[in-house]
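The structure appears right after this line, and notes come after that.
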Amino acid sequence: MSPESTAPHSTAQDRTLAPAGEQLIQGQIPLAPDESKADGTARAERLLDLAFDGWRDRPAIDRGAGVHLAGDQVAAPGVLSEVSFNSALTAVSLALGRHSLDLKHA
């Protein structure tokens, strides 16, 4: 691992950020002056692949114990912003104890 690359365990500081038995990771990869964003992203992904098996798996919206995730990297249908929107609708529905939301009467 190069000294320019880090992949700290964020939950080492606050274990409440992720459910028991799981962890939240955050990586920071600086770019060299002549390095493209694509090259930096590829380097970051290789590092994370080595350090965190399964980090690319998209987590479920319903994490149990009343915890619900929403965002563009969770297991929800769609692409790009559709994933965020659909996961938010599902998370709110679950939090309210409903099967779905009627957006026409919201």
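The values are calculated or read from the model by the stated rules, or taken from the named source; none is laboratory data. For clarity, every value in this text was computed on a predicted model and none was experimentally measured. So basically every Cβ, Gly included, is an ideal-geometry build from the backbone, and we count neighbours across all protein chains shown. Only protein heavy atoms, including side chains, enter the accessible area calculation; ligands, DNA and RNA are left aside. Shrake-Rupley method; radii C 1.70, N 1.55, O 1.52, S 1.80 Å.
How would you classify the stretch 17-59 from its alpha-carbon gyration tensor, with a ≥ b ≥ c the square roots of the eigenvalues: rounded for a/c under 1.5, else prolate if a/b is greater than b/c, otherwise oblate? Please report the intermediate quantities before stating the final value.
Values: a/c = 3.20, a/b = 2.41, b/c = 1.33.
Prolate is the answer for the stretch 17-59, as a/c is 1.5 or above and a/b outweighs b/c.
Which one, Trp55, Gly66, Ile29, projects farthest toward the positive side of the charge dipole computed for the chain from Cβ point charges (K/R +1, D/E -1)?
Gly66
Starting from 0 in steps of 10 Å, tell me what percent of the Cα-Cα pairs of the chain lands in each bin.
Calculated over all Cα pairs of the chain, the distribution is 13, 33, 32, 16, 6, 1 percent.
Between Arg56 and Leu94, what is 0.36 nm times their sequence separation minus the Cα-Cα distance? Round to one decimal in nm.
So the extension gain works out to 11.2 nm.
Counting only other residues whose beta carbon sits under 15 Å from that of Leu89, what net charge do I get with K and R as +1, D and E as -1? Working shown, then result.
Numbers: positive: Arg98, Lys104; negative: Asp62, Asp72, Glu82, Asp102.
With Lys, Arg at +1 and Asp, Glu at -1, the net is -2.
Return the calculated 222 nm mean residue ellipticity for the chain, to the nearest 500 deg cm²/dmol, obtained by summing -39500 (n - 2.57) across DSSP H runs with n ≥ 4 and dividing by the residue count.
-9500 deg cm²/dmol
Taking the Cα centre of the chain as origin, work out the dipole magnitude from +1 charges on Lys and Arg Cβ and -1 charges on Asp and Glu Cβ, in debye rounded to 20. Walk me through the numbers on the way to the answer.
Working: 9 positive and 14 negative charges, 83 e Å.
Value, rounded to 20: 400 debye.
Using amide H atoms built 1.01 Å from N in the peptide plane, name the residues 5+ places from Arg63, or on other chains, whose amide H lies under 5 Å from its own.
Close amide H contacts, sequence-distant or interchain: His68, Leu69.
Report, in cubic angstrom per residue, the convex hull volume of the C-alpha atoms of the stretch 36-80.
Dividing the Cα hull volume of the stretch 36-80 by its residue count gives 92 Å³.
Write down the accessible area per residue of the chain in Å², having rolled a 1.4 Å probe over the full set of protein chains. Walk me through the numbers on the way to the answer.
On the way: 7910 Å² over 106 residues.
In whole numbers, the chain has 75 Å² accessible per residue.
Quick one: if you stick a label point 7 Å off each Cα along the C-beta vector at Lys104 and Asp39, how many nm between them?
Label-label distance for Lys104 and Asp39, simple model: 5.5 nm.
Please find, in a Gaussian network model of the chain (springs between Cα atoms separated by less than 10 Å), the residue of Asp72, Asp57, Asp34 whose mean-square fluctuation is greatest.
Asp34
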